[in-house]
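In what follows, a structure is listed as structure tokens, so that the remarks can point back to it.
The values are calculated or read from the model by the stated rules, or taken from the named source; none is laboratory data. Bear in mind the structure is a predicted one, so any value in this text is a computation, not a measurement. Cβ sites come from the backbone with ideal geometry, for glycine too, and all protein chains shown count toward neighbours.
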Amino acid sequence: MADAPRISALRWTVTIGLVAIVVASACAFAVLPRLVAPRHVAAAPAVAAALPVPALTSTPNPAPQPCDDPAVTAALAARDDEAVITAVGGGAAFRDAVVSGDAPCITLADANHVWVVVDKARPLEPLSFAPAALAKVGVRLVNGAGQLQPSAAAALTTMSDAAAAAGVGSLGVVSGYRSYQTQVSTYASNVANGGKAAADATSAHPGYSEHQTGFATDVVSCTSAGCGTMDGFGTSAAGKWVAENGWRYGFIVRYEPGQTAVSGYDSEPWHLRYIGPQLAAAYHDGGFHTLEAFFGLPAAPNYLG
Ligand SMILES: [Zn+2]
């Protein structure tokens, strides 16, 4: 029984501890009535007011922050946009996280990602931005080089093939990626042709064009008889099909009719913007008509400067 002295010591420790608790409780109960004074006692308010107010707003189970999720950070590092959106929980969850400010690792100003938003109030950063990679689209080229960021180029090709399979003709590209320098001459020639006001309604200042992101393209309808014009696209069979089905392939019609006060541009049924299939599905399902509304951004009717 070599443990007897230790057990005895333990008993003493427990006893002393219990006595201490009883004494402390007694003191607390003695003080409490003086601290919690009844309201009708006029002398007490100064002490009562000094009592700490318990915080009732704390959240017991805060929602997990997307940017703390290793799957999100790994996909961001790999520049795999669809994997990022999947890891956040899909298109709608991604949008909600961005709009609520819960995803500070996602920046809508970064044109390396499909969620970039460029408008008259949101220039490219930097103004001379150029995509890290470009790929040639697999559709008919009506004019110039048809290049987009690789994910957008592949999706456009798939969409054009699907349109042809649906019997509405295929798509031709009039303009895809345009560099800062190209936009300098595009805008200047639009001003020369129609004046500044007319140019600003349909053409962006250099550094403010979605075409410079490599995620936007101007398309026309092509059949065995040839290709139509940009102006004729909206009423063509392919144009109607794209307006209805483009989201399935990750594309939205960026400048819809009646949205000029928000988007800053007149209706352009031919100007398609790639945002990836998950965001496009959330955009479609949510009934959105501008990226500004989708991401809770201010309207951008005019240039700020
Ligand atoms: Zn365009």
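What the table shows:
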read-out: Helices (runs of 4 or more DSSP H) contained in the stretch 35-149 and holding at least 2 residues at pLDDT below 95; value: 45-49
read-out: Inter-residue pairs, beta-carbon under 7 Å, first over 15 Å from PRO131 (Cα atoms) and in the stretch 98-112, second of a type in the set (Gly, Ala, Ser), 6+ apart; value: VAL99/GLY296; ALA103/ALA97
read-out: Entirely in the stretch 163-241, the helices (runs of 4 or more DSSP H) that have 2 or more residues that are within 19 Å of PRO123 (Cα to Cα); value: 180-194, 196-202
read-out: Inter-residue pairs, beta-carbon under 8 Å, first farther than 27 Å from ALA197 by Cα and in the stretch 280-305, second in a loop (DSSP other than H, G, I, E, B), 6+ apart; value: ALA280/GLY250; ALA282/GLY90; TYR283/ILE275; PHE294/GLY286; PHE294/PHE288; PHE295/LEU108; PHE295/TRP115; PHE295/VAL117
read-out: Scope the stretch 133-148; condition without any contact (Cβ under 8 Å) to a residue 40 or more places away in the chain and under 25 Å from VAL84 (Cα atoms); matching residues; value: ALA133, ALA135, LYS136
read-out: Selection within the stretch 268-283 - touching a Gly at 6+ places or on another chain (Cβ under 9 Å) and either surrounded by fewer than 16 Cβ atoms within 10 Å (Cβ to Cβ) or closer than 28 Å to ASP80 by Cβ (or both); value: LEU272, TYR274, ILE275, GLY276, PRO277, GLN278, LEU279, ALA280, ALA281, ALA282, TYR283
read-out: Filter result for GLY234 (small (Gly, Ala, Ser) and under 26 Å from VAL139 (Cβ atoms)); value: yes
read-out: Candidate set from the stretch 261-283 (those that are outside any helix (DSSP H, G or I) and under 17 Å from the mean Cα position of the chain (by Cα)); member that is farthest from the ligand (Cβ to nearest atom); value: GLY276
read-out: Test: residue in the stretch 128-141 that is in contact with a helix residue (DSSP H, G or I) (Cβ under 7 Å, 6 or more places away or on another chain) and among the polar types (S, T, N, Q); value: yes
read-out: Identity of the residue in the stretch 135-189, among the polar types (S, T, N, Q), within 16 Å of the ligand (Cβ to nearest atom) and within 24 Å of the chain's Cα centre (by Cα), that ends up surrounded by the fewest Cβ atoms within 10 Å (Cβ to Cβ); value: SER179
read-out: Residue list for the stretch 191-242, restricted to those being of a type in the set (Ser, Thr, Tyr), more than 16 Å from the ligand (Cβ to nearest atom) and either in contact (Cβ under 8 Å) with a residue 60 or more places away in the chain or crowded, with 20+ Cβ neighbours inside 10 Å (or both); value: SER236
read-out: Hits in the stretch 171-199 - residues which are hydroxyl-bearing (Ser, Thr, Tyr) and in contact with a Lys or Arg (Cβ under 7 Å, 6 or more places away or on another chain); value: THR186
read-out: Single unsatisfied condition, HIS289 versus (1) buried (at least 16 other Cβ atoms within 10 Å of the Cβ); (2) modelled with pLDDT under 95; value: (2)
read-out: Number of positions in the stretch 243-260 that are of a type in the set (D, E, K, R), over 19 Å from ALA111 (Cα atoms) and within 16 Å of the ligand (Cβ to nearest atom); value: 1
